[in-house]
Amino acid sequence: MKQNKGLAWAAAGAVLACATLWSAPALADGNKPGHEWQAQKARPLVIGHRGAAGYLPEHTLEAYALAIELGADYIEPDLVATKDGFLIARHEPNMIGTTNVKELPQFADRKRTMVVDGVAEEGFFASDFTLAEIGQIRAVQAFGERDQGFNGRYRIPTFDDVIKLAKRKSAEEGRTVGVYPETKHPTYHQNLGLALEDRLLAVLQRHGWNHRGAPVFIQSFEQANLKSLRGKTSVRLVQLVDADDVAPNGALTFAAPFDRPYDWAVAGRAGTFADLLTPQGLAEVRTYADGIGPWKPYLISSACVTVVNNACADVNGDGRVNDADRKLLPPSAVLANAHAQGLLVHPYTFRNEQRRLASDYAGVPVNEYLAFYELGVDGLFSDFTDTAVVARSLWVLKNDPQAARCLVEGRHGNNGACRGLRWLNAN
């Protein structure tokens with residue numbers, strides 16, 4: 001998902017033990033997309049976005065393992081292809097911002113300009129490196145405001161490595177941890193002769209996870225490759241939905257390359273991502289996918305508290321204009337319309353930094369999660385797994401009269417009702 005878009009540990013520890021006992025929701029039988037959401041709505045999934053990206057360099061085994069340790073139900077590897085056709089976990093084909101490759105003299109001659117989804121970029125591209133060469137590169141923290149102390153420590157994993165980790169950790173944790181891979185820039189990779197889809201399915205098949213009941217979601221911002229995948233696999237598919245920005249009045253704005261699926265641009269199809277979220281668009285998505293992954297302002301947007309010269313004013317006086325200078329608007333109908341089509345809804349991306357929180361949340365990240373859990377999302381992507389899990393625990397405690405008693409007694413206690421509560425039963 002695109003780049004531009006805490007509770008204290010003591011509080012987290014108070015309910016984390018409860019939260020990590022929750023089971024994954026039951027999967028519906030058959031291959032018909034979408035009818036899992038009713039089983040899931042009582043227990044939203046927490047998806048470790050790029051791993052525990054708020055704490056460690058993203059898309060590393062260490063970041064994924066930390067996300068699992070903190071309670072993630074799924075871990076999310078973005079997938080790009082190497083020169084020799086291996087799938088590796090990177091946010092973008094261009095590795096200049098997420099690795100130390102620019103500091104390695106042996107690769108200085110690999111720097112070049114490539115066009116990705118119609119935009120020229122200068123950097124170091126995964127498709128110019130073999131997997132053996134990728135092994136010499138180490139990950140760095142992509143966000144300057146986050147801890148840079150782990151830069152250069154951790155290698156870049158393959159998709160195969162990520163699945164092995166998820167399976168091993170599932171056994172250790174006594175619960176199923178799934179994977180939620182994203183095919184990054186499918187058209188770009190197809191044009192390089194490095195199409196992602198069959199490679200992805202081959203890895204899943206090798207691990208016994210290419211079937212409907214596997215703990216796997218495949219996501220993409222493009223539409224054509226999801227439609228193609230639907231003809232090849234029964235694994236659950238999710239249509240990602242992007243936008244460029246949010247206007248002062250809360251309306252979403254659309255500018256290339258974030259205006260529409262890139263395969264639409266190549267095919268000359270008019271429209272924007274927003275068209276996928278109309279009732280008609282959702283009905284189309286329902287024909288090939290099991291859910292949507294919308295940028296979260298599609299569900300709850302925000303407007304400037306004060307507008308000056310058609311832009312938000314710095315009302316909180318922190319010296320910069322950001323989400324903290326905005327106020328929430330009423331929820332849209334997108335979630336209800338998606339559920340009416342039987343589609344899951346997994347919005348992105350939830351982050352803890354104060355500048356990313358609308359003023360209504362009073363600087364408390366948990367408040368944002370609670371708003372979306374109360375809205376009825378089926379899961380969400382978070383850089384800070386522990387905060388998402390704690391907020392989910394609080395949401396359950398607020399909404400389930402048995403939850404507090406079961407939290408104290410545990411699933412093996414004398415209260416028989418606790419053993420019947422899905423959220424408190426381990427796999």
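The values are calculated or read from the model by the stated rules, or taken from the named source; none is laboratory data. Given the structure is predicted, the values throughout are model-derived calculations rather than measurements. Using ideal geometry, Cβ is built from the backbone for each residue, glycine included, and neighbour counts are taken over all protein chains shown.
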Being of a type outside the set (Ser, Thr, Tyr), out of contact with any Phe, Trp or Tyr (no Cβ under 8 Å at 6 or more places or on another chain) and surrounded by 19 or more Cβ atoms within 10 Å (Cβ to Cβ) is true for just one of Asp242, Asp198, Asp263. Which residue is that?
Asp263
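Can you tell me which residues in the range 68-87 are of a type in the set (Ser, Thr, Tyr) and either assigned to a loop (DSSP other than H, G, I, E, B) or at positive phi (or both)? Don't jump to the end; show me each part of the working.
Of the residues in the range 68-87, the ones of a type in the set (Ser, Thr, Tyr) are 74, 82.
Across the range 68-87, the qualifying residue is only Thr82.
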So, Gly271, is that one part of a loop (DSSP other than H, G, I, E, B) and under 22 Å from Leu229 (Cβ atoms) or not?
yes
Give the residue that is nearest to Ser382 (Cα to Cα), with candidates limited to residues of the range 295-305 that are out of contact with any Leu (no Cβ under 7 Å at 6 or more places or on another chain) and assigned to a strand (DSSP E or B).
Trp295
Checking Ile96 against (1) under 17 Å from Glu182 (Cα atoms); (2) hydrophobic (A, V, I, L, M, F, W, C); (3) surrounded by fewer than 21 Cβ atoms within 10 Å (Cβ to Cβ), which single condition isn't satisfied?
(1)
Tell me, please, whether a residue that is modelled with pLDDT of 95 or more, out of contact with any strand residue (DSSP E or B) (no Cβ under 8 Å at 6 or more places or on another chain), more than 26 Å from Tyr262 (Cα to Cα) and of a type in the set (Asp, Glu) can be found in the range 112-125.
no
Across the range 164-203, what is the number of residues that are of a type outside the set (D, E, K, R) and within 15 Å of Leu66 (Cα to Cα)?
6
Please indicate, with yes or no, whether at least one residue in the range 141-157 is buried (at least 17 other Cβ atoms within 10 Å of the Cβ) and more than 30 Å from Pro105 (Cβ to Cβ).
no
Within the range 274-294, considering residues that are among the acidic types (Asp, Glu) and part of a helix (DSSP H, G or I), the one nearest to Asp245 (Cα to Cα):
Asp275
